[in-house]
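Here is the structure we will look at.
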Amino acid sequence: MEEVLVFQHDPFEDLGFFAEVLDREEARYRIVRLFHGEMPAEDWRHVAALIILGGTMAVDDEERFPFLRWEKRIIRAALDESVPILGVCLGAQLIAATLGSPVYEGPVREIGWSPISITPHGQVDSLLGYLPESATVFQWHSQACDLPPGAVCLASSMHYKTQAFRLGKLTYGLQFHLEVTPHMIERWIGERSKDLARTPYVSVEKIRADTRIYSHTLKYYGERFLAEFIRRIERARSRKRQPGLAQV
């Protein structure tokens, strides 16, 4: 399989559990550390997919983070070339913004473990359909995006209507984190004290207690999701190599 490009915006938001899945599935991948100024020119013939991770910045914070302009152009090119894309949190918001959907401050900060509702579209989706109708996942965000034009909503929550979406068969956006590990959560608690100070209704001790309860199940959700996404990538590349092959 060709190379999966991983866009990392923040040294503390890495692939987490997803790295294990990519290694187990023998998927070649390369991490582009945007926070270090890496902005490579890509030949799409050799790019199997994009995975766009989260970050602490907003999608319109281009003055402070100029790589966001470059990244939106890359996302647009990947969409035009039918390259599979997975966006997580900020990554999902960047996909939505590139497609013309507004991204804005949400009604509350979602930090910690909370339930999402899988929509009827999500329940029959091969990547999310194995989640229960109400699934507890990890969140750390304050911004929201509207559903992009032509996309279907796969999950929602009490305060955020668009928790997951799919555009066509190859583009997915997740507002929540399926990749996060207990170690990552501890690092975020330590590094994001200002977020926590602005959110008095969030208890660090509850986050830690919930992590002990839910992290194993979240790993299962993340492994199933990404393994199926990799299979989706392989099918997409196979169809590109055989133009006459019927679409699945």
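This table checks each residue for (1) charged (D, E, K, R); (2) more than 23 Å from Ile189 (Cα to Cα).
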position	(1), (2)
Ile51	no, yes
Gly55	no, no
Val59	no, no
Glu63	yes, yes
Arg69	yes, yes
Ile85	no, yes
Val88	no, no
Gly91	no, no
What's the total number of residues in the stretch 126-141 that are under 15 Å from the mean Cα position of the chain (by Cα) and open to solvent by 10 Å² or more (accessible area, probe 1.4 Å)?
2
Filter the stretch 39-83 down to residues that are aromatic (Phe, Trp, Tyr) and in a helix (DSSP H, G or I) and give me whichever is modelled with the lowest pLDDT.
Trp44
Note: among Tyr221, Tyr214, just one is within 22 Å of Phe12 (Cβ to Cβ) and either open to solvent by 70 Å² or more (accessible area, probe 1.4 Å) or in a loop (DSSP other than H, G, I, E, B) (or both), namely Tyr214
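State all residues of the stretch 105-125 that are in a loop (DSSP other than H, G, I, E, B) and open to solvent by less than 80 Å² (accessible area, probe 1.4 Å); if no residue qualifies, say none.
The answer is Thr119, Asp125.
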Considering only the stretch 8-28, I want to know if a residue exists there that is modelled with pLDDT of 95 or more, in a strand (DSSP E or B) and within 16 Å of Trp70 (Cα to Cα).
yes
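Residues His177, His159: which one is surrounded by 17 or more Cβ atoms within 10 Å (Cβ to Cβ), touching a strand residue (DSSP E or B) at 6+ places or on another chain (Cβ under 6 Å) and within 28 Å of Glu105 (Cα to Cα)? Talk me through it step by step, then tell me what you get.
On the way: His159 fails: surrounded by 17 or more Cβ atoms within 10 Å (Cβ to Cβ).
None of the other options fit; the residue is His177.
Considering only the stretch 62-74, how many residues are among the acidic types (Asp, Glu) and exposed (fewer than 13 other Cβ atoms within 10 Å of the Cβ)?
Residues in the stretch 62-74 being among the acidic types (Asp, Glu) and exposed (fewer than 13 other Cβ atoms within 10 Å of the Cβ): 1 in total.
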Of the conditions (1) among the small types (Gly, Ala, Ser); (2) open to solvent by 30 Å² or more (accessible area, probe 1.4 Å); (3) at pLDDT below 95, Ala209 fails just one. Which one is it?
(3)
Within the bounds of the stretch 38-58, is there any residue that is surrounded by 16 or more Cβ atoms within 10 Å (Cβ to Cβ), of a type in the set (S, T, N, Q) and touching an Asp or Glu at 6+ places or on another chain (Cβ under 9 Å)?
yes
Is it fair to say Gly87 is closer than 25 Å to Lys219 by Cβ and either part of a loop (DSSP other than H, G, I, E, B) or at pLDDT 95 or above (or both)?
yes
Being modelled with pLDDT of 95 or more, among the aliphatic types (A, V, I, L, M) and surrounded by 19 or more Cβ atoms within 10 Å (Cβ to Cβ) is the requirement here; does Ala97 meet it?
yes
Just checking, does the stretch 151-162 include any residue being more than 22 Å from Pro102 (Cβ to Cβ) and within 15 Å of the chain's Cα centre (by Cα)?
no
Would you pick out the residues in the stretch 134-188 that are farther than 30 Å from Arg239 by Cβ, among the polar types (S, T, N, Q) and free of Cβ contacts under 8 Å to residues at least 60 places away in the same chain?
Ser134, Gln139, Ser142, Ser156, Ser157
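Picking from Arg187, Arg192, Arg208, Arg198, which residue would you name as being under 16 Å from Ile111 (Cα atoms), charged (D, E, K, R) and touching a helix residue (DSSP H, G or I) at 6+ places or on another chain (Cβ under 9 Å)? So that I can check it myself, show each step before the final result.
Working: Arg187 fails: touching a helix residue (DSSP H, G or I) at 6+ places or on another chain (Cβ under 9 Å); Arg192 fails: touching a helix residue (DSSP H, G or I) at 6+ places or on another chain (Cβ under 9 Å); Arg198 fails: touching a helix residue (DSSP H, G or I) at 6+ places or on another chain (Cβ under 9 Å).
After applying the criteria, what remains is Arg208.
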Scan the stretch 189-202 residue by residue and report those that are open to solvent by less than 70 Å² (accessible area, probe 1.4 Å) and in contact (Cβ under 8 Å) with a residue 40 or more places away in the chain.
Arg192, Asp195, Leu196, Thr199, Val202
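The values are calculated or read from the model by the stated rules, or taken from the named source; none is laboratory data. Just so it is clear, the model here is predicted, and its values are computed rather than measured. We place every Cβ from the backbone using ideal geometry, glycine too, and count neighbours over all the protein chains shown. The accessibility values were calculated without ligands, DNA or RNA, using every heavy atom of the protein model including side chains. Shrake-Rupley method; radii C 1.70, N 1.55, O 1.52, S 1.80 Å.
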